[in-house]
Amino acid sequence: MPCCSLQRAHGMGPAATHILKATDMPHESLFFIDGKWHKPQGPGRIDLLSPATHETIGTVAVATPSEVHEAVRAARRAFDAGTTADRDQRRLWLTNLLEACRDRSEQFARSICEEVGIPIQYCREVQIPVAVKHLELAISLMDRYEFETTRGGSSVLREPIGVVGMITPWNWPLVQIVCKVAPAIAAGCTMVLKPSEVAPSAARLFAEAVAEAGLPAGVFNLVEGDGPTTGEALVSHPDVDMISFTGSTRAGVQIAKLAANTVKRVTQELGGKSPFIVLPDADLRAAVTSAVSGCMDNNGQTCDAPTRLLVPEHLLDEVVSIAAEAVETYEVGLPQTSETRVGPLVSITQFQKVQDLINSGIQQGARVVAGGTGRPETLEFGNFVKPTVFSDVTPDMRIWREEIFGPVLSILPYQDENEAIHLANDTEYGLAAYVHSANAQSADRVARRLRTGSVYINSPDYDFEVPFGGYKQSGNGREYGAYGIDEFMELKSIVT
């Protein structure tokens, strides 16, 4: 990604007293609270393990409830003081933040590669550019977003909700931070971020970028830690007005229960089990290759990855052949190697979960057409799994119903369009779906009947301005574009 300098403007409010560099703190926790870096005070520590070697590569401090309280109090002071009130100033902060993040593109990429195991080329070509794109969009929206509209003789105002607690996942560490922080800044909110304890370095680098961008003290605060201690303290804090969470459905349920005690707004992007429907007239090779790519990229650790491939029964054998051939191009290896397309899964726990689900597929009678259990022969240790494709799958199998979060694709045939739609919708999730057809009307007809937050027809280029979020147990609320800003707003009517 291009790096460019930016002449920093004056008069943007007090910046951090010390702008820390990533080289000062690559593998140890420091909290960013009220514009300053703080050494953790509590005794809790979590070892950070390399997914490729299982070696300890750092530690994460567990912020205590009192440290979370200090962060929330700083955010509350900044909001109550009207620090974020000026739209032009917020645009400038976002512009500075964009350039500070661009300057750290390679550091972001390397940290995600090392901690999460995502192949370095994918980090450079997808993970970081997508985050940059969301920042660019937030800046452009500052000139287009309607903070006030009129209806008849009355005014409708969109005002910032206040202090936002943000909890982000490990699979897209920088993207998920940007998708929350950028629209919250655009809205005029202040915030406390708790990143995943599995992948903290992207958040540390981002906090460094915030300090350089000149945001006033307290607008952005960073604490690290686990869910039961740090996360619960943030979610249950009475001075937090809203929680924005991305992660598992199981954790989302607990967060919603905790937040209910103080009637917080809660927006959540949770699990998924996305279907990919190939209609009979589709370009079969293009469709199946796209499904395999969507399932395997990012090590299969993407919430809206297409993991259920639905194909016409008379085309099943050909689809299986194409899928098996496509999987062969996904070289498994060390994530720092440029040729690697699938790196190790993020943790031993995730590795064991995926192995268990692959085993369950075999035991329940599915046929392995590529991959299978165990590590690839050339890799004796690390969280490496074989990119796997199953056929002879039935709708009652665990591999069809449960979110695997690994490079595992299940193929199931259907008799007609109605059955395909029924099978696609027969899930507790509803985050995304994919349809391939040579006929635009057919694809649109199917898309409108799918109970998901997003439907992608014929593998289009991504549209960052449309809303992203799920139906059912895939969550509530929406991110991206103006819809993401909306989530951080309260509506006020002034009636005359």
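The values are calculated or read from the model by the stated rules, or taken from the named source; none is laboratory data. All figures in this text were calculated on a predicted structure; none of them were measured in a lab. Note: ideal-geometry Cβ built from the backbone for every residue, glycine included; neighbour counts use all protein chains shown.
Computed values, structure above
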| read-out | value |
| --- | --- |
| Pair list, Cβ < 8 Å and 6+ apart or interchain, from the range 313-325 residues that are closer than 14 Å to Leu279 by Cβ to residues that are part of a helix (DSSP H, G or I) | Leu315/Leu284; Val319/Leu284; Val319/Val288 |
| Some residue of the range 219-232 being out of contact with any Phe, Trp or Tyr (no Cβ under 8 Å at 6 or more places or on another chain), buried (at least 24 other Cβ atoms within 10 Å of the Cβ) and among the aromatic types (Phe, Trp, Tyr) | no |
| Sole residue being at pLDDT 95 or above, surrounded by fewer than 24 Cβ atoms within 10 Å (Cβ to Cβ), over 22 Å from Ser338 (Cα atoms) and acidic (Asp, Glu), chosen from Glu146, Glu125, Glu208, Glu106 | Glu146 |
| Residue check, Gly372 touching a strand residue (DSSP E or B) at 6+ places or on another chain (Cβ under 8 Å), outside any helix (DSSP H, G or I) and within 29 Å of Ala52 (Cβ to Cβ) | yes |
| Extreme residue, nearest to Ser391 (Cα to Cα), among residues of the range 361-375 that are exposed (fewer than 15 other Cβ atoms within 10 Å of the Cβ) and touching a residue at least 12 places away in the same chain (Cβ under 8 Å) | Arg367 |
| Output for the range 303-334, where each listed residue is within 24 Å of the chain's Cα centre (by Cα) and over 15 Å from Arg375 (Cα atoms) | Cys303, Asp304, Ala305, Pro306, Thr307, Arg308, Leu309 |
| Residue in the range 251-262 that is in a loop (DSSP other than H, G, I, E, B), modelled with pLDDT of 95 or more, more than 29 Å from Gly406 (Cβ to Cβ) and not aliphatic (A, V, I, L, M) present | yes |
| So Thr378, is it in contact (Cβ under 8 Å) with a residue 60 or more places away in the chain and surrounded by fewer than 18 Cβ atoms within 10 Å (Cβ to Cβ) | no |
| Candidates Leu49, Leu20, filtered to the one that is closer than 24 Å to Cys123 by Cβ, touching a strand residue (DSSP E or B) at 6+ places or on another chain (Cβ under 8 Å) and at pLDDT below 50 | Leu20 |
| Where Pro387 falls short, out of the listed (1) over 26 Å from Gln473 (Cβ atoms); (2) exposed (fewer than 15 other Cβ atoms within 10 Å of the Cβ) | (2) |
| Filter pass, Leu174 being assigned to a helix (DSSP H, G or I) and surrounded by 24 or more Cβ atoms within 10 Å (Cβ to Cβ) | yes |
| Residue that is nearest to the chain's Cα centre (by Cα), among those in the range 288-302 that are surrounded by fewer than 24 Cβ atoms within 10 Å (Cβ to Cβ) and small (Gly, Ala, Ser) | Gly294 |
| Residue in the range 352-359 that is in a loop (DSSP other than H, G, I, E, B) and crowded, with 21+ Cβ neighbours inside 10 Å present | no |
| Filter result for Ile167 (surrounded by fewer than 23 Cβ atoms within 10 Å (Cβ to Cβ) and either under 30 Å from Pro344 (Cβ atoms) or outside the structural domain of Cys189 (by TED's automatic domain parsing) (or both)) | no |
| Segments classed as strands (runs of 3 or more DSSP E), wholly inside the range 34-106, with at least 3 members that are touching a residue at least 60 places away in the same chain (Cβ under 8 Å), out of contact with any Asp or Glu (no Cβ under 8 Å at 6 or more places or on another chain) and of a type in the set (Lys, Arg) | none |
| Yes/no for Val198 being part of a helix (DSSP H, G or I), over 26 Å from Asp239 (Cα atoms) and either in contact (Cβ under 8 Å) with a residue 12 or more places away in the chain or of a type in the set (Phe, Trp, Tyr) (or both) | no |
| Any hit, the range 303-319, residues being of a type in the set (Ser, Thr, Tyr), modelled with pLDDT of 95 or more, assigned by TED's automatic domain parsing to the domain that holds Ala420 and over 27 Å from Gly252 (Cα atoms) | no |
